[in-house]
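Asker: Structure incoming, see below.
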Amino acid sequence: MSDPDPSLNPDAPNGGIESSAEVELRGLSIYTHHGVSEAEQEVGQRLEFDVSFDVPDCDAMFTDRLEDTVDYAEVCDIVAFVATERSYRTLERLAHVVGERLIERYGCESVRVRAAKPEPPLPLAIQEVAVEVTQERAADEDGDAAEG
């Protein structure tokens, strides 16, 4: 007789069913100082962020308790802190660092960060320029680098 699957524990708050939630924030507008030109870094500009990430084992789906879910204001604070703590020349690097911080804080398996300049300093009329970065947690759970 084989042992029952430990992930299907009927005594768990969710009845033993594994589940996850996806958190998504759209249109977070932050005044920043990122870009290639000195003017972008000195004068600054508004960036808009869209962020989505998974929340593994989100107990709030079963408990309906606030302490079992993600604090959306805290997510906004993390993005705002990263976007204002220093200047980056590229949106790619900025979006990557935001993703790293969210993975560290929430233990997500994957995160998507979109950073857009709604008023880019270009000589042609354009609605926005944006970069979207997707990151996934490394397969090695211990965080050790593979030896080679």
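The values are calculated or read from the model by the stated rules, or taken from the named source; none is laboratory data. What you are looking at is a predicted structure, and each value in this text was computed from that prediction instead of being measured. Here the Cβ is made from the backbone with ideal geometry for all residues, glycine too, and neighbour counts use every protein chain on show.
Asker: Checking the condition in contact with a helix residue (DSSP H, G or I) (Cβ under 6 Å, 6 or more places away or on another chain) and at pLDDT 85 or above, which residue from SER29, SER87 passes?
Answerer: Answer to the selection: SER87.
Asker: Scan (1) loosely packed, with under 13 Cβ neighbours inside 10 Å; (2) modelled with pLDDT of 95 or more for the single condition VAL36 breaks and write down its number.
Answerer: In the conditions (1) loosely packed, with under 13 Cβ neighbours inside 10 Å; (2) modelled with pLDDT of 95 or more, VAL36 misses (2) alone.
Asker: Taking segment 64-107 on its own, how many of its residues are farther than 19 Å from ALA21 by Cα, surrounded by fewer than 16 Cβ atoms within 10 Å (Cβ to Cβ) and aromatic (Phe, Trp, Tyr)?
Answerer: 1
Asker: Among the residues of segment 39-63, which ones are among the small types (Gly, Ala, Ser) and loosely packed, with under 15 Cβ neighbours inside 10 Å?
Answerer: Result: ALA39, ALA60.
Asker: Ok, one more. Identify the residue in segment 108-138 that is in contact (Cβ under 8 Å) with a residue 12 or more places away in the chain and polar (S, T, N, Q) and, among all such residues, is surrounded by the fewest Cβ atoms within 10 Å (Cβ to Cβ).
Answerer: Residue satisfying both the conditions and the ranking: THR134.
Asker: I want to confirm something. Restricting to segment 52-76 and keeping residues that are touching a strand residue (DSSP E or B) at 6+ places or on another chain (Cβ under 9 Å) and within 12 Å of ARG105 (Cβ to Cβ), which single residue is modelled with the lowest pLDDT?
Answerer: Per the criteria, the residue is VAL55.
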